[in-house]
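Derivation of every value follows stated rules applied to the coordinates shown; laboratory data play no part. Because the structure is predicted, anything quoted here is derived from the model rather than measured. Cβ placement follows ideal geometry from the backbone for every residue including glycine, while neighbour counts extend to all protein chains displayed.
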Amino acid sequence: MTAVSEVELSRRGLLAGSAATAIVVAAPASDAAPLPQAPAPTSLPVSFEVNGKRRELSLDPRTTLLDALREHLQLTGTKKGCDHGQCGACTVMVDGVRINSCLTLAVMHQGDKITTIEGLGTPDKLHPMQAAFIKHDGYQCGYCTPGQICSAVAVLDEIKRGVPSHVQDDLTAKPRATNVEMRERMSGNICRCGAYSNIADAMADVAGENA
Amino acid sequence: MKAFTYERAKDAGAAARAVAGRPGAKFIAGGTNLLDLMKIEVETPTHLVDVQDLGFDTIVKTADGGLRIGALVTNTNLAADARVRRDYGVLTRAIVAGASGQLRNKASTAGNLLQRTRCPYFYDTNMACNKRRPGSGCAAIGGYSRQLGVIGVSTSCIATFPGDMAVAMRVLDAVVETVDATGARRAIPIADFHRLWGDRPDLDTVLKPGELITAVTLPRPIGGKHFYEKVRDRASYAYALVSVAAVIQPDGTGRVAFGGVAPRPWRVEAADALLPQGAAAVTARAFRGATPTEDNGFKLPLATRALASVIAQAKA
């Protein structure tokens, strides 16, 4: 115990020292852009529908949709990877379109309909895309998989709705669920295990087209 | 993330007044860039004014045969609009060359114009950056500058505007429409919208505090073949090293703008006029006075080659 307190004491001393240094270093900038003090955080009410169920929360406005789902609603299927919109692990569908839940504030989703991996299927009743991921071995560690599956379901819907992509030759033609289309459209979902080929196979299976 | 207060504005006037009347207040639309920067405390707004209810989410025809794109139209919906795909292909091509499907579903037209640079020294709060902290210096100058600007930069900042959509809009002579807290409206040609850094790299655009983008208008279609050639380190989901937006007419004349090279989409009208003489003539004029670093000098020949590829495709 004594040793721990000593460590804590010296750590506090170090922090105080760093803060003082920071103030000295920061001083010249203060005359360039003086910003008002940040307000004290207060909670705001928000309600939205998650997987068909109405949820009401009171949240610090800083709470992302991702943290609201995971930390406040205990829907931990949606994963936090990079928390900066680069990896796609946090992909959910809001009002029918896929977004990065880490890059949006929960309080901005009043009245929205949110679908997470838990809302797509259950172990007893898998969504066809979940079944196809299992069949085609579309994962290894599984961490990116919920985001991959949400994205994959949304991608097939985007192709069906005719949303254009970078790999389309003729912009006025309807896109098809080809392998090259799915690879381009899934580029916002990173898989460090490298299951990409099998993910594309699973998607092709669900799309009912040969890749 | 620093604490902030939040409100959801009912109309454009209220939104503009809410931001203009409060130092440290910012608009938020899609939030994909702003929240990313707030997490690392590069952006530290004290108040956010959510503009999602303002109704600027449609694309309508204008009286002179062009299109008015609402400020809140998402990148996906703008790229997918049948009129844009048919008449302004360069714009669809530029949008779908940028970001990821998830981000394009959330990113707005106005927010895309206002996205901040991706200079790594702007993101790293341990580094000197005149854009992030005016007067602190520029660690990019003499640092790792492979991605950074080759023209229109200054001794204060060598960052680039990172977007794709705006490069196409520059070729199309788009106009940015705004309203301020007094209700005054402005129509700003896209050519004048993004500032050159000079000695104030902290100011990205000519917008005044609280001035809200309501729409972007495109003049009537100009025909021609439309191209957006983006050269990057990955085949998808990466910022441009160099990009070329071009509209080429059957007689070989046309317009061209370059992305990934400057503080704004880079177009020199006098260089457009040289298109019939080939890519080298165009880039020699467009990049006259360029100040590349040892790391990013490759962008100049790369721009020439990317444009040569576009011209070859136009002739095919």
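Calculate, for B:Ala191 and A:Asp112, the FRET efficiency according to 1/(1 + (r/R0)^6) with r their C-beta to C-beta distance and R0 45 Å; round to the nearest 0.05.
In this case the efficiency is close to 0.75.
Using a 7 Å offset from Cα along Cα-Cβ at B:Ala3, what residues in the stretch A:55-84 end up with backbone N under 19 Å from the label point?
Output list for this probe position: A:58-64.
Scan around B:Glu43 for amide H atoms under 5 Å from its own, H built in the peptide plane at 1.01 Å from N, and keep only partners 5 or more places away or cross-chain.
Here B:Met38 satisfy the definition.
Can you list the HN-Hα couplings for the stretch A:93-100, worked out from phi with the Karplus curve (6.51, -1.76, 1.60; θ = phi - 60°), rounded to whole Hz and with x for Gly and Pro?
Ordered by residue, 3J(HN,Hα) equals 10, 10, 6, x, 10, 7, 9, 7 Hz.
Within chain B, what is the longest stretch that has no GluC sites (Glu not before Pro) placed in a DSSP loop and near at most 16 other beta-carbon atoms within 10 Å?
Looking at chain B, B:42-293 is the longest stretch - no exposed GluC sites (Glu not before Pro) with at most 16 other Cβ atoms within 10 Å.
Just flag the trypsin sites (Lys or Arg not before Pro) in the stretch A:100-195 sitting in loop per DSSP whose Cβ has no more than 14 other Cβ atoms within 10 Å.
Hits after loop and neighbour filter: A:Lys125, A:Arg176, A:Arg192.
Where the centroid of each part is defined by its Cα atoms, how far is the stretch B:176-199 from the stretch B:1-37 in Å?
18 Å
Using the Cβ atoms and a cut-off under 11 Å, what net charge is assigned to the surroundings of B:Met165, where Lys and Arg are +1 and Asp and Glu are -1?
Taking every other residue near B:Met165 into account, the sum is +2.
Could you tell me how far the Cα centroid of the stretch B:73-129 sits from the Cα centroid of the stretch B:217-286, in Å?
Cα centroid of the stretch B:217-286 versus Cα centroid of the stretch B:73-129: 17 Å apart.
List the residues whose amide H sits under 5 Å from the amide H of B:Ala107, counting only those 5 or more places along or on another chain, with H placed 1.01 Å from N in the peptide plane.
Those lying under 5 Å, H to H, from B:Ala107 are B:Asn75.
Report the net charge of residues surrounding B:Gly55, where surrounding means a beta-carbon distance below 15 angstrom and charges are Lys +1, Arg +1, Asp -1, Glu -1.
Summing Lys and Arg as +1 and Asp and Glu as -1 gives -2.
If you take every residue apart from B:Ala14 with its C-beta less than 14 Å away from the C-beta of B:Ala14, what net charge results, scoring Lys and Arg +1 and Asp and Glu -1?
Cβ neighbours under 14 Å give a net charge of -1.
Let me make sure I get this right: for the stretch A:42-120, a, b and c are the square roots of the gyration tensor eigenvalues over alpha carbons, sorted descending. Under 1.5 in a/c it's rounded, otherwise prolate if a/b > b/c, else oblate. Which is it?
Oblate is the answer for the stretch A:42-120, as a/c is 1.5 or above yet b/c matches or exceeds a/b.
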